[in-house]
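Inspection log for the structure reproduced underneath, given as structure tokens.
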Amino acid sequence: MTSIVIPAHNEEQVIGRLLDALTAGAKPADGPGEFDIVVVCNGCTDATAREAARPGVTVVEIPVPSKHAALRAGDEHARGYPRLYVDADVVIDAAGVRVLADAVDPAAGVPAAAPGRDLPLAGCAWRVRAYYRVWQLLPAVREGLFGRGVIALSEAGHARIADLPPLMADDLAASLAFGPHERRVVEEARVTVLPPRTWADLIRRRVRADTSSHQLERHQAATPAESGAAAEPSAPPSARTSTADLRTLLLGRPWLLPHMAVFLAAAVIARRRSRRAVESGDFGTWQRDESSRTG
């Protein structure tokens, strides 16, 4: 049986739309038990647990607001493999789950997979739209499993990442734990990832991303032998955007130039604002984007 673990911290506004998509498409012959769905409400002070309670869903509540702790608690209650880890604020349906479960094929040496990404940009500020027009074209973004809110693992794939420490960039760390030949982006399965609507929320999200990338790099430097199956000890895997990546994009799509200016502005601002957190070792302040969770 395919298990789905959903960590949820104060997600009462969005948990219902995800669970509706997962359960509405269950095969009639299988009923609501087609998937083993576990929602872990971690440190919630709202009605997330109440909104998640429905047939076919196991709701677990833990007191600490920690995604890492929620994932581990979910593993304790999940019953099967393949196992999907799904963020509460994205949307994937039952058909997409089935496609991903089929794509995780230990016999073919593919222990990890993620769906294709849909970013509905209507209603977002123009600078947000410009930023994501560039971001979606970056090689690491197209090929990596991160930034999708969904990762599917075989039992062997789960064993690969089970001992990762609590990192802000948990999805990036999981993606980099697998070499390019071991992971697969399955475009036939789709996940909707709601982008930030405002420039301020985009910057908050990028500050978090930059801070978390620095934390991951510190972890890689401290444990070079464990920093990824595809990496040499002297060159830990990375999803950083290089100048060469941006130059290649512009050569092939010169019309991207004004969008690239916005992208670079966001990167510079985020880097400056994350500096204090990085220097002080503050990797616990989440800076959550709320605009993508409202109406």
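Can you pull out every residue in segment 92-115 that is in contact with a strand residue (DSSP E or B) (Cβ under 6 Å, 6 or more places away or on another chain), part of a strand (DSSP E or B) and surrounded by fewer than 22 Cβ atoms within 10 Å (Cβ to Cβ)? V110 - this is the single residue of segment 92-115 that is in contact with a strand residue (DSSP E or B) (Cβ under 6 Å, 6 or more places away or on another chain), part of a strand (DSSP E or B) and surrounded by fewer than 22 Cβ atoms within 10 Å (Cβ to Cβ). Filtering R197, R206 for residues that are on the phi < 0 side of the Ramachandran plot, within 15 Å of the chain's Cα centre (by Cα), buried (at least 17 other Cβ atoms within 10 Å of the Cβ) and not β-branched (V, I, T) leaves a single hit, R206. Take segment 158-172 and flag every residue that is part of a helix (DSSP H, G or I) and aliphatic (A, V, I, L, M). Those that are part of a helix (DSSP H, G or I) and aliphatic (A, V, I, L, M): A159, I161, L172. Taken over segment 183-194, residues that are out of contact with any strand residue (DSSP E or B) (no Cβ under 6 Å at 6 or more places or on another chain) and surrounded by fewer than 18 Cβ atoms within 10 Å (Cβ to Cβ) amount to 1. If you go through segment 238-258 and pick out every residue that is surrounded by fewer than 13 Cβ atoms within 10 Å (Cβ to Cβ) and more than 30 Å from R218 (Cβ to Cβ), you end up with 6.
Filtered by the rule that a residue be in contact with an Asp or Glu (Cβ under 8 Å, 6 or more places away or on another chain) and not in a strand (DSSP E or B), segment 184-203 gives L194, P196, D201, L202. Residue check: R208 meets all listed conditions (1) assigned to a helix (DSSP H, G or I); (2) touching a Leu at 6+ places or on another chain (Cβ under 6 Å) but one, namely (2). Could you say whether any residue in segment 123-131 is at positive phi, in contact (Cβ under 8 Å) with a residue 60 or more places away in the chain and surrounded by fewer than 16 Cβ atoms within 10 Å (Cβ to Cβ)? Yes; the residues of segment 123-131 include at least one that is at positive phi, in contact (Cβ under 8 Å) with a residue 60 or more places away in the chain and surrounded by fewer than 16 Cβ atoms within 10 Å (Cβ to Cβ).
When segment 264-295 is examined, which residues are found to be among the polar types (S, T, N, Q) and either assigned to a helix (DSSP H, G or I) or at pLDDT 75 or above (or both)? Selection gives S274, S280, S291, S292.
Give the residues of segment 141-157 that are buried (at least 18 other Cβ atoms within 10 Å of the Cβ) and part of a helix (DSSP H, G or I), sorted by residue number. Across segment 141-157, the qualifying residues are V141, G157.
Checked against the criterion of being among the aliphatic types (A, V, I, L, M), in a strand (DSSP E or B) and either within 19 Å of D20 (Cα to Cα) or in contact with a Phe, Trp or Tyr (Cβ under 8 Å, 6 or more places away or on another chain) (or both), segment 62-80 has no qualifying residue. For the residues A261, A225, A231, A221, the requirement of being of a type outside the set (V, I, T), at pLDDT below 70 and exposed (fewer than 14 other Cβ atoms within 10 Å of the Cβ) singles out A225.
For segment 59-80, the set of residues classified as buried (at least 17 other Cβ atoms within 10 Å of the Cβ) and either farther than 14 Å from H9 by Cβ or out of contact with any Cys (no Cβ under 9 Å at 6 or more places or on another chain) (or both) consists of S66, K67, A69, L71, A73, G74, A78, listed by residue number. Could you tell me whether G16 is over 25 Å from A174 (Cα atoms) and within 21 Å of the chain's Cα centre (by Cα)? Taking the combined requirement at face value, the residue satisfies it.
For segment 116-130, the set of residues classified as over 18 Å from A174 (Cβ atoms) and not in a helix (DSSP H, G or I) consists of D118, L119, P120, L121, A122, G123, C124, A125, listed by residue number. Candidates A73, A108, A78: the one that is more than 17 Å from the chain's Cα centre (by Cα) and free of Cβ contacts under 8 Å to residues at least 24 places away in the same chain is A108.
The values are calculated or read from the model by the stated rules, or taken from the named source; none is laboratory data. Please read these numbers as outputs of a predicted model, since none were measured by experiment. Every residue, glycine as well, gets a Cβ built from its backbone with ideal geometry; the counts of neighbours run over all protein chains shown.
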